[in-house]
Amino acid sequence: MLRTNKFFFPVLIILLLVAFLTAIAFGAVSITVADMFAAVNHWAQGKSPSTIYEGVFLQIRLPRVLLCMITGAVLAVSGVLMQGLFRNPIVEPGLIGTSAGAAFGASVVFVLSAGMGKNIQQLAGPLLVPLFAFAGGLLATYTVYMLAKGNKRMDVTTLLLIGIAVNAVGLSGTGFMSYIARDPQARSITFWNLGTFSGATWMQVGITGITAILVFILAIRYAKQLNTLVLGEEEARYAGVDTEKLKRKIMLYNTAMVSVATAFVGVISFMGLIVPHVMRLLIGSDNKKLLPASMIAGAVLLTLADMGARLLLAPAEIPIGIITSLVGAPVFIILLKRTNMLNTKGGGRD
Amino acid sequence: MIDVQNVSLIMGKSFLVKEVSLMIRAGEFVVIMGPNGAGKSTLLKMMSGTMLPTTGNIFFKGEKLSGYKTEVLARHRAVVSQHYHISFPLSVREMVMMGRYPYFKNHPLAMDEVIVDEQMDKMEISHLQDRNYHTLSGGEAQKVHMSRVLAQIGDTSVTQQKLLLLDEPVSHLDIKYQHQLLQEAKLLCHKQVAVAAVLHDVNLALKYADKIFFMKGGHIIRTLSKNEHITAQILKEVFDINAAIFDMPDGQGKFVSYY
């Protein structure tokens, strides 16, 4: 079970391609492979799209699918990092306040932007929600970090509990914003909290893509050190790992990834939980394999979920968070039961 | 190699370790014994560098232990702890390979693989190498950690001054492997490795130790060198038990029984 099959990564990559092509092809407008080639061809020659299909492909479908893949990868990688850091397989990226903080930031914009004055609105334009979400996520995570750190070594249990507390504050903040909001604004908050890819643009793809690639290159360098945390912090230090530095780095990377992704698409739950968990069952917990595997699998799964969001009630669209939670929660419970069974077998260990 | 100078550790208002001094030379095998809560593990943790003494100093190879960088220290000393809680499933081989982490950057070199194979052989766990750690018995798990730590000590064919700290390393092992594990540690001493082990079995200590430190209430209350004989009085004083001392059948040393 723990030895990686040599076909594992090739199969994963094929799944990614299949998911990509099907997600592009199906939707309100069907797009053929020929349309895709034609569109790319015209674009490369600097011409404008010649058919509506090419236009839909270039301006709507492609950025949406790409943003979806990047977000899926980001959430899954972040899940691996957080689970490794907290030494707990049921940890989600949003656990240390990032998502709740980001959600609060976004809700502030939805409700108060009218009163913010023209200058700010013009300056930031469509970036206003993402900027506030990012700031909120960063602020919440930083608060958790500082409170948990105290003046000594950061204790992971304390960190978790403070994360819960800060999440609660974030939620109540968002709740208050919904309470004072007018109906359409409250609806915006609700939708944002459920996540959606319907407004994907190339700029969003660019920003999240660059962040994701940068952070992933940085994070994979810490895969080995993150492995030693499996033994516990003291043991990791015996093995030569500066655990304080490791924790700071991982938290920073996670916050950057999650708040950027959350800022554009809203809160998408369970992805960061399920994907690393399933990958762990398939290839074990060596982060050198787990990180790339979860990255690809996250991209595949979220793309499929988004297809579901677009097609299930077409032409209407379901917020993607509803699908990830609805499917994710039962899967999670099944996995949890299974893991408990595995752990109680074997016996004799303490 | 390691020089503990008048070290105390205070937690809250109580002394866990009080004014302890000891020295371990390269190639020496010392055993620390004593009743529960005597401060044995705490002393070992201070010698490992993970706990800082409240007062007093520890010198490792002539330099202050607290001045060593974590990654440098990892190439000069290795620790088997009393308890492990492993958070995720890992294979036995992956676990043993962690012992080599201080030596390679991203991917293990051929030499690392060879050392991992050798150390798993020594503890006779090679057949378990693809098993999930979580399915092992307590004794098997202990052998895995010993293999990992032996791999961290590294290439044992060359002489190198390193420190091996063992906190109750044989608590789950059957009698054969209790001896096998301590025998491996003893072999390292011939290569200038210094070993400090916390043990509860007086007979094991008598067989392998060059020196035994008896701790009680945070103090070292007795030191027994190789050429000194254990007495019933010492055991009464340290453990509050009545002991009878016998000669080994081969005439090599003594053994102890209780009544």
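The values are calculated or read from the model by the stated rules, or taken from the named source; none is laboratory data. As the structure is a prediction and not an experimental result, all values here were calculated from the model. In this analysis, Cβ positions are derived from the backbone assuming ideal geometry, glycine residues included, and neighbour counts consider all displayed protein chains.
Structure data summary
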quantity: Residue under evaluation residue B:136, criteria (1) within 9 Å of chain A (Cβ to nearest Cβ); (2) closer than 13 Å to residue B:177 by Cβ, criterion not met; calculated: (2)
quantity: Residue satisfying condition, being polar (S, T, N, Q) and not in a helix (DSSP H, G or I), within set B:152, B:161; calculated: B:161
quantity: Selected residue (criterion: farthest from residue B:80 (Cα to Cα)) from residues of segment B:105-116 that are surrounded by fewer than 15 Cβ atoms within 10 Å (Cβ to Cβ) and among the charged types (D, E, K, R); calculated: B:105
quantity: Exclusive hit being touching a Phe, Trp or Tyr at 6+ places or on another chain (Cβ under 6 Å) and among the hydroxyl-bearing types (Ser, Thr, Tyr), set A:198, A:188, A:178; calculated: A:188
quantity: Candidate set from segment A:83-103 (those that are in a helix (DSSP H, G or I) and within 14 Å of chain B (Cβ to nearest Cβ)); member that is farthest from residue A:336 (Cα to Cα); calculated: A:85
quantity: Single residue of segment A:266-314 satisfying the filter (among the hydroxyl-bearing types (Ser, Thr, Tyr) and either in contact with an Asp or Glu (Cβ under 6 Å, 6 or more places away or on another chain) or within 14 Å of chain B (Cβ to nearest Cβ) (or both)) that is surrounded by the most Cβ atoms within 10 Å (Cβ to Cβ); calculated: A:294
quantity: Test: residue in segment B:185-208 that is surrounded by fewer than 17 Cβ atoms within 10 Å (Cβ to Cβ) and of a type in the set (Lys, Arg); calculated: no
quantity: Whichever residue in segment A:229-259 is under 24 Å from the mean Cα position of the chain (by Cα) and not aliphatic (A, V, I, L, M) and, among such residues, is nearest to the other protein chains (Cβ to nearest Cβ); calculated: A:245
quantity: Answer from A:99, A:78 - the residue that is in contact with a Phe, Trp or Tyr (Cβ under 9 Å, 6 or more places away or on another chain), closer than 26 Å to residue A:165 by Cβ and crowded, with 21+ Cβ neighbours inside 10 Å; calculated: A:78
quantity: 3 or more residues in contact with a Phe, Trp or Tyr (Cβ under 8 Å, 6 or more places away or on another chain) and either assigned by TED's automatic domain parsing to the domain that holds residue B:137 or in contact (Cβ under 8 Å) with a residue 24 or more places away in the chain (or both): qualifying strands (runs of 3 or more DSSP E) within segment B:1-116; calculated: B:2-11, B:29-33, B:77-80
quantity: Residue check for residue B:146: modelled with pLDDT of 90 or more, more than 14 Å from every other protein chain (Cβ to nearest Cβ) and touching a helix residue (DSSP H, G or I) at 6+ places or on another chain (Cβ under 9 Å); calculated: no
quantity: Segment A:179-215, residues that are in contact (Cβ under 8 Å) with a residue 12 or more places away in the chain, among the β-branched types (Val, Ile, Thr) and out of contact with any Ser or Thr (no Cβ under 7 Å at 6 or more places or on another chain); calculated: A:180, A:190, A:196, A:201, A:205, A:207, A:211, A:215
quantity: In segment B:227-242, residue nearest to residue B:29 (Cα to Cα) [restricted to those that are surrounded by 12 or more Cβ atoms within 10 Å (Cβ to Cβ) and free of Cβ contacts under 8 Å to residues at least 24 places away in the same chain]; calculated: B:228
quantity: Looking only at segment A:202-228, and only at residues there that are hydrophobic (A, V, I, L, M, F, W, C) and within 14 Å of chain B (Cβ to nearest Cβ), the one that is surrounded by the fewest Cβ atoms within 10 Å (Cβ to Cβ); calculated: A:217
quantity: Residue that is surrounded by the most Cβ atoms within 10 Å (Cβ to Cβ) [pool: residues in segment B:76-104 that are more than 20 Å from the chain's Cα centre (by Cα) and more than 8 Å from every other protein chain (Cβ to nearest Cβ)]; calculated: B:92
quantity: Any hit, segment B:215-225, residues being touching a residue at least 60 places away in the same chain (Cβ under 8 Å) and basic (Lys, Arg); calculated: yes
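Residue by residue, here is whether (1) under 16 Å from the mean Cα position of the chain (by Cα); (2) more than 30 Å from residue B:14 (Cβ to Cβ); (3) modelled with pLDDT of 90 or more holds:
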| site | (1), (2), (3) |
| --- | --- |
| B:194 | yes, no, yes |
| B:197 | yes, no, yes |
| B:200 | yes, no, yes |
| B:209 | yes, no, yes |
| B:213 | yes, no, yes |
| B:218 | no, no, yes |
| B:225 | no, yes, yes |
| B:235 | no, no, yes |
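Rundown of residues vs (1) farther than 28 Å from residue B:241 by Cβ; (2) more than 15 Å from the chain's Cα centre (by Cα); (3) surrounded by 17 or more Cβ atoms within 10 Å (Cβ to Cβ), yes/no style:
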site	(1), (2), (3)
B:4	no, yes, yes
B:13	yes, yes, no
B:20	no, yes, yes
B:27	yes, no, yes
B:41	no, no, yes
B:51	yes, yes, yes
B:63	yes, yes, no
B:66	yes, yes, no
B:73	yes, yes, yes
